[in-house]
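J.: Before I ask anything, let me first share the structure, which is written out below as structure tokens.
The values are calculated or read from the model by the stated rules, or taken from the named source; none is laboratory data. Fair warning: this is a prediction, and the values are worked out from it, not measured in the lab. Neighbour counts run over all protein chains shown; Cβ positions are idealised from the backbone, glycine included. Only protein heavy atoms, including side chains, enter the accessible area calculation; ligands, DNA and RNA are left aside. Shrake-Rupley method; radii C 1.70, N 1.55, O 1.52, S 1.80 Å.
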Amino acid sequence: MPVRQLINDPDEFVSEALQGLQRAHPHLLRHNPDPAYLVRADAGRRDKVALVSGGGSGHEPLHTGFVGVGMLDAAVPGAVFASPTAYQIRAAVEAAHRGRGVLLVVKNYTGDVLNFSIAAELVADDGIEVETVLVDDDLATDGHDEGPGRRGTAAVVAVEKICGAAAERGAGLAEVAGLGRRVVDSARTMALALESCTHPGQSRRSFDLPDGEIEFGVGIHGERGIGRRPLAPVRELVPELARPVVDALGLRRGESVLAIVNGLGATHALELSVAHRELTEFLDGQGIHVARSLVGPYVTSLDMRGCSITLVRADDEFVDLWDAPVRTPALTW
């Protein structure tokens with residue numbers, strides 16, 4: 001049976017979505033159609049480090065939903081699961097630049113790394129100082145010989161929030177970039193899928209799962225995971241996700257974390273809340289304190305059913321910057 005979608009033309013899907021987002025939040029962001037990017041509505045204000053990020057569409061609200069006060073100054077969307085072009089990125093950097101340099105937050109995928117690197121060279125030639133933070137938190141691809149290394153997944157939300165808060169407070173480019181790299185070094189993620197995703201306009205999901213099985217270690221582009229496991233109660237699945245993350249970070253009793261329980265697109269809020277309950281139960285049993293939590297669909301994979309768990313080793317500075325005010329379409333406090 002064909003998958004039903006709220007869509008007009010698949011080729012216009014991203015463009016129409018960007019128009020809709022801008023119309024919903026005209027006080028926060030401005031949409032530039034060609035080349036496509038979103039920039040803060042107050043981008044004319046000077047004397048601030050600007051944050052620019054982006055990547056393939058299909059992960060919303062990442063990154064376009066995080067444009068606003070306390071997070072990104074601009075977001076650059078590619079086509080679904082495809083990198084934006086260097087031309088797009090360069091235009092977004094120029095629009096976002098506020099006189100104190102630009103931090104590029106880049107997830108570790110070949111196309112993103114290549115095109116953001118080219119754009120960084122171009123804007124540097126234009127006299128704009130640029131630093132890059134590469135996010136590579138996905139444990140499922142740790143140690144793989146193929147590809148660029150660990151993929152960038154939901155830890156990018158923590159990078160954008162913490163760096164965005166520091167930039168809003170007036171920190172310099174080197175300081176903001178250093179913070180971002182510390183967040184990346186302190187974060188790891190693991191994900192599972194109950195059902196894979198469907199590309200716009202297509203009738204088949206990216207992969208099929210037999211009854212009674214889940215895909216463990218999936219990526220955010222509909223990639224298969226590192227293995228299949230029996231479907232089990234969430235009280236059993238969440239520790240399977242969290243334990244390798246705790247081990248990889250070397251977390252010990254008495255330490256604190258920022259915990260992100262992220263829905264992959266089609267997972268209901270009730271399910272995510274249960275998953276978060278089980279995560280806190282597991283971490284309590286390990287003597288690890290959850291200093292702050294974020295629960296919801298923030299880094300999605302179209303309509304994939306599943307979740308990811310991200311832990312970030314927390315110190316007082318991270319928690320303080322996490323708590324700083326933010327006002328974006330997808331995140332506000």
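J.: Name the residues in the range 107-136 that are open to solvent by 20 Å² or more (accessible area, probe 1.4 Å) and polar (S, T, N, Q), would you?
T.: Thr110, Asn115, Ser117, Thr132
J.: So, one more: When you check Gly217 against the structure, is it out of contact with any Lys or Arg (no Cβ under 7 Å at 6 or more places or on another chain), within 24 Å of Gly58 (Cα to Cα) and open to solvent by less than 10 Å² (accessible area, probe 1.4 Å), yes or no?
T.: The answer is yes for Gly217.
J.: Is it the case that the range 255-268 has a residue that's charged (D, E, K, R) and either part of a helix (DSSP H, G or I) or open to solvent by less than 10 Å² (accessible area, probe 1.4 Å) (or both)?
T.: No - not one qualifying residue is present in the range 255-268.
J.: Return yes when Leu139 is open to solvent by 10 Å² or more (accessible area, probe 1.4 Å), in contact with a helix residue (DSSP H, G or I) (Cβ under 7 Å, 6 or more places away or on another chain) and closer than 21 Å to Gly250 by Cβ and no when it is not.
T.: In short, yes.
J.: Report, by residue number, each residue of the range 269-303 that is among the aromatic types (Phe, Trp, Tyr), part of a loop (DSSP other than H, G, I, E, B) and farther than 25 Å from Gly58 by Cα.
T.: none
J.: Another question, if that's okay. Being open to solvent by less than 30 Å² (accessible area, probe 1.4 Å) and more than 24 Å from Trp322 (Cα to Cα) is the requirement here; does Pro200 meet it?
T.: Yes: the conditions hold for Pro200.
J.: Here's another thing I want to ask about it. Any idea which of Glu60, Glu12 is charged (D, E, K, R), in a helix (DSSP H, G or I) and open to solvent by 50 Å² or more (accessible area, probe 1.4 Å)?
T.: On inspection, the qualifying residue turns out to be Glu12.
J.: Let me ask something else. So which residues in the range 1-46 are more than 25 Å from Cys197 (Cβ to Cβ) and in contact (Cβ under 8 Å) with a residue 60 or more places away in the chain, if there are any at all?
T.: His25, Leu28, Leu29, Asn32
J.: Does the range 295-333 hold any residues that are among the hydrophobic types (A, V, I, L, M, F, W, C) and under 22 Å from Leu28 (Cα atoms), and which are they?
T.: Passing the criteria: Val299, Leu321, Trp322, Ala324, Val326, Ala330, Leu331, Trp333.
J.: Only one of (1) of a type outside the set (Asp, Glu); (2) surrounded by fewer than 20 Cβ atoms within 10 Å (Cβ to Cβ); (3) not in a loop (DSSP other than H, G, I, E, B) is not met by Ile162, so which one is it?
T.: Against the list (1) of a type outside the set (Asp, Glu); (2) surrounded by fewer than 20 Cβ atoms within 10 Å (Cβ to Cβ); (3) not in a loop (DSSP other than H, G, I, E, B), Ile162 comes up short only on (2).
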